[in-house]
Amino acid sequence: MRSFTYERAASAADAAQAVAATKGAKFIAGGTNLLDLMKLEIERPTHLVDVQDLGLDEVEETEEGGLRIGTLVSNTALSAHPKIRSDYAVLTRAIQAGASGQLRNKATTGGNMLQRTRCSYFYDTNMPCNKRKPGDGCAAIRGFSRQLGVIGISDSCIATYPGDMAVAMRVLDAVVETVKPDGTQRAIPAADFHLLWGDTPHIETALEPGEIITHVRLPAPLGGQHFYSKVRDRRSYAFALVSVAAIIQDDGTGQVAFGGVAPRPWRLPEADAQLRNGAAAVVRVAFADARPTEDNKFKIPLAERTLAGILAEARG
């Protein structure tokens, strides 16, 4: 690990200014992803701005009937919150499907939204990777790609967004609230928060330099039955090959998002509209533009089977 300087910020605006003012600076909260990347010298921050004193660790009710989640609320606290368990059960199930109990105790809401890919070529500094070093090439495209993306990928990168919580946030139409270094605030719909790789896979979110997540806002409860199914190589402590977050209403309509298949939680309104026609119809629309490899083409029928299981359970 390389040496770096360190400070603790007293406000979100101060933290944003401190990161913007120092080239190579990074925010740190739970550190469950960043510290691993620093040990491997994939991340080499020159300065760390600790945001643990910002007081953004509460879940508040909004005037619209939803919830506003502080960026520092731990995954454990969020998944156990009574309102989350009763009205946003897909979120509780997604969080509890991820990582280990120890990691969920440290991981924060904002940090979880910013998880970086677990592509093995990104983690191997001996291999070319456009995400780690723009213009370097992508070893994964002609490499072992079983875990990697099938849709929304590009000729520069086929990595996936690895998390679970953000898939549930996407199906719930959450909104990410931020503060920029100049103190202005912004609200970014979850649909627009994670970017497709295109030619710039090193740019992963809509956040601008120095911009910090302060809250994630949920709409009023959507009702319906909530599901999160995760298929992985191990029963626990493994990232998804495919995950499905779904909210199914009594009339068979609803919304569905897929994880483990794309650079961001994958959801299309046109696919939602097919829910009453069954899993095959949803997947046919959701994955119409898929570009799987021989290694990972199994993910598309796996997504269909996973969603079919959810729809069967919803019917009772």
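Structure above, values below:
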| item | result |
| --- | --- |
| Matching residues in region 31-78 - criterion: being over 18 Å from residue 18 (Cβ atoms) and acidic (Asp, Glu) | 36, 41, 57, 58, 60, 61, 63, 64 |
| Hey, residue 93 among the charged types (D, E, K, R) and not in a loop (DSSP other than H, G, I, E, B) or not | yes |
| Qualifying residue in region 235-248 (condition: open to solvent by 40 Å² or more (accessible area, probe 1.4 Å), farther than 28 Å from residue 116 by Cβ and of a type outside the set (Gly, Ala, Ser)) | no |
| Answer residue from region 41-53, given it is under 16 Å from residue 110 (Cα atoms) and open to solvent by 80 Å² or more (accessible area, probe 1.4 Å) and is farthest from the chain's Cα centre (by Cα) among those | 53 |
| The lone exception for residue 299 - which of (1) closer than 21 Å to residue 164 by Cα; (2) surrounded by fewer than 24 Cβ atoms within 10 Å (Cβ to Cβ); (3) among the charged types (D, E, K, R) it fails | (2) |
| Some residue of region 206-216 being at pLDDT 95 or above, farther than 21 Å from residue 310 by Cα and in contact with a His (Cβ under 9 Å, 6 or more places away or on another chain) | yes |
| The listed residue being touching a Leu at 6+ places or on another chain (Cβ under 8 Å), in a helix (DSSP H, G or I), modelled with pLDDT of 95 or more and of a type in the set (A, V, I, L, M), out of 15, 10, 20 | 15 |
| Some residue of region 122-143 being surrounded by fewer than 17 Cβ atoms within 10 Å (Cβ to Cβ) and within 19 Å of the chain's Cα centre (by Cα) | yes |
| The listed residue being more than 23 Å from residue 211 (Cα to Cα), open to solvent by less than 30 Å² (accessible area, probe 1.4 Å) and in contact (Cβ under 8 Å) with a residue 12 or more places away in the chain, out of 94, 99 | 94 |
| Matching residues in region 252-262 - criterion: being assigned to a loop (DSSP other than H, G, I, E, B) and crowded, with 19+ Cβ neighbours inside 10 Å | 260, 261, 262 |
| Pairs where the first residue, in region 180-192, is over 18 Å from residue 68 (Cα atoms) and in contact (Cβ under 8 Å) with a residue 24 or more places away in the chain and the second is of a type outside the set (A, V, I, L, M, F, W, C) and not in a loop (DSSP other than H, G, I, E, B), C-beta under 6 Å, 6+ apart | 181/17 |
| Residue selected from region 54-75 under the condition open to solvent by 50 Å² or more (accessible area, probe 1.4 Å) and over 27 Å from residue 14 (Cα atoms), by the criterion farthest from the chain's Cα centre (by Cα) | 63 |
| Yes/no for residue 109 being under 12 Å from the mean Cα position of the chain (by Cα) and either within 20 Å of residue 199 (Cα to Cα) or surrounded by fewer than 16 Cβ atoms within 10 Å (Cβ to Cβ) (or both) | no |
| Neighbours by Cβ (under 6 Å, 6+ apart or cross-chain): first from region 55-73, closer than 13 Å to residue 111 by Cβ and assigned to a strand (DSSP E or B); second open to solvent by 30 Å² or more (accessible area, probe 1.4 Å) and not hydrophobic (A, V, I, L, M, F, W, C) | 70/57; 70/58 |
| Residue that is nearest to residue 77 (Cα to Cα) [pool: residues in region 1-54 that are acidic (Asp, Glu) and free of Cβ contacts under 8 Å to residues at least 24 places away in the same chain] | 36 |
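Table: residues versus (1) under 16 Å from residue 167 (Cα atoms); (2) crowded, with 19+ Cβ neighbours inside 10 Å; (3) among the small types (Gly, Ala, Ser); (4) in contact with a Ser or Thr (Cβ under 7 Å, 6 or more places away or on another chain).
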| site | (1), (2), (3), (4) |
| --- | --- |
| 264 | yes, yes, no, no |
| 269 | yes, no, no, no |
| 285 | no, no, no, no |
| 290 | no, yes, yes, no |
| 310 | yes, yes, no, yes |
| 316 | no, no, yes, no |
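The values are calculated or read from the model by the stated rules, or taken from the named source; none is laboratory data. Model, not experiment: these values are computed from the prediction. Reconstructed Cβ throughout: ideal geometry from the backbone, glycine too, with neighbour counts over all protein chains shown. SASA here: full protein model, heavy atoms, side chains in, ligands and nucleic acids out. Shrake-Rupley method; radii C 1.70, N 1.55, O 1.52, S 1.80 Å.
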